[in-house]
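Below is one structure, written out as structure tokens, with a few remarks after it.
The values are calculated or read from the model by the stated rules, or taken from the named source; none is laboratory data. Everything numeric in this text was worked out from a predicted model, so none of it was measured. So basically every Cβ, Gly included, is an ideal-geometry build from the backbone, and we count neighbours across all protein chains shown.
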Amino acid sequence: MNPFRYERASDASAAVALVTPAPESAFLAGGTNLVDLMKLGVARPDTLVDITRLPYDRIEPLPDRGVRIGALVRNSDLAADGTIRARYPMLAQALLAGASGQLRNLATTGGNLLQRTRCPYFQDVAKPCNKREPGSGCSARDGYQRNMAIFGASEACIATHPSDMAVAMVALDTSVLVLGPDGERSISLGEFHRLPGDEPERDTVLRHGELITAVDLPPLPFAARSRYRKVRDRASYAFALVSVAAALDVRNGVVRDARIALGGVAHKPWRATKAEMALRDAPATEAAFRYAADAELADAQPLPGNTFKVALARNVLVRTLLDLTSGGNA
């Protein structure tokens, strides 16, 4: 690990002021991803600004009946919160599907959103990787492709985003609140993460020095009927091959509204807007669910090593929707 300067921020403005002038600086919260990347030599910040004592560790109701989650709320606390479990069960399920109990006790809401890909070539400094070193090439294109993207990839990068929590939050139309050198702003989580294009080194639209302070969940009554399903190579402590976060509003056997996002399939949590459109005003039947899944997956562009993901995503999405309408177990 390279030497670095350590600072502990007294407040959010001080944290921003410490990071902004130093291009290679970073905020430090739980550190469950950043510290690993520093050990591997992938991340080499010259300054770490510790934000763990900032007052962003609360889950609070909003006037519109939404919920504000502080950026420093631990994943384990968020998953156990009674309001989250009752009103947004897919979010609690997504959190419990990620990492291990020990890591969930450290990992924070803001840090989870900023996880970097687990592409093995990104994590291996001996291999070319455009995300780690722009212009060096993408080793995955002619290499191991099993976990790579089937949507939104580019010639520069085919990596996938690793978060479970972010998939559920994208389906819920979450907003991210940030504080930066130019003040506060709110960013829709659906627009927060980027597709790689020709700048795969940029995971998000955050500007240097911007600090996540909270995320806001909107009031979405039918999110109480929601589910997160994750398919992975082993039962625990593994990233998704494919995951689905879904909520359905079904009345009199007809789908009135839907929220769906997919994980493990793109450089960002993938909002399944075509599936949602196909479901609205359709009968809540297996045939309609399969039609919606096919509508979403028609644009998939799998690689030779991950063509199985198309059928897997279709089956997982249909199974999740059937569970939501039948009351079946996850």
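Here are the numbers for the structure shown:
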quantity: Which numbered condition Gly98 fails, given (1) modelled with pLDDT under 95; (2) over 18 Å from the mean Cα position of the chain (by Cα); calculated: (2)
quantity: Condition check for Ala292: assigned to a helix (DSSP H, G or I) and in contact with a Leu (Cβ under 7 Å, 6 or more places away or on another chain); calculated: yes
quantity: Residue match in region 287-310 (condition: under 30 Å from Arg104 (Cα atoms), surrounded by 24 or more Cβ atoms within 10 Å (Cβ to Cβ) and at pLDDT 95 or above); calculated: yes
quantity: Identity of the residue in region 60-76, free of Cβ contacts under 8 Å to residues at least 40 places away in the same chain and surrounded by fewer than 19 Cβ atoms within 10 Å (Cβ to Cβ), that ends up nearest to Leu113 (Cα to Cα); calculated: Ser76
quantity: Any helices (runs of 4 or more DSSP H) falling wholly within region 1-119 and containing at least 3 residues that are in contact with a Ser or Thr (Cβ under 9 Å, 6 or more places away or on another chain); calculated: 12-19, 89-96, 101-104, 109-113
quantity: Residues satisfying the stated conditions in region 122-151, i.e. surrounded by 14 or more Cβ atoms within 10 Å (Cβ to Cβ) and hydrophobic (A, V, I, L, M, F, W, C); calculated: Phe122, Cys129, Cys138, Ala140, Met148, Ala149, Ile150, Phe151
quantity: Residue list for region 295-309, restricted to those being more than 18 Å from Arg232 (Cα to Cα) and not in a loop (DSSP other than H, G, I, E, B); calculated: Ala295, Glu296, Leu297
quantity: Matching option when the condition is touching a helix residue (DSSP H, G or I) at 6+ places or on another chain (Cβ under 9 Å) and within 29 Å of Arg74 (Cα to Cα), among Thr117, Thr109; calculated: Thr109
quantity: Meets criteria (in contact (Cβ under 8 Å) with a residue 60 or more places away in the chain and part of a loop (DSSP other than H, G, I, E, B)) for Ala149; calculated: yes
quantity: Residue match in region 245-258 (condition: closer than 17 Å to Ala313 by Cα and not small (Gly, Ala, Ser)); calculated: no
quantity: Selection status of Thr213, under 17 Å from the mean Cα position of the chain (by Cα) and within 30 Å of Arg53 (Cβ to Cβ); calculated: yes
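Residue-by-condition table, conditions (1) of a type in the set (Gly, Ala, Ser); (2) touching a Gly at 6+ places or on another chain (Cβ under 9 Å); (3) closer than 22 Å to Leu95 by Cα:
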{"position": "Arg259", "(1), (2), (3)": "no, no, yes"}
{"position": "Ala266", "(1), (2), (3)": "yes, yes, yes"}
{"position": "Trp270", "(1), (2), (3)": "no, yes, yes"}
{"position": "Ala275", "(1), (2), (3)": "yes, no, no"}
{"position": "Pro283", "(1), (2), (3)": "no, yes, no"}
{"position": "Leu303", "(1), (2), (3)": "no, no, no"}
{"position": "Ala313", "(1), (2), (3)": "yes, yes, yes"}
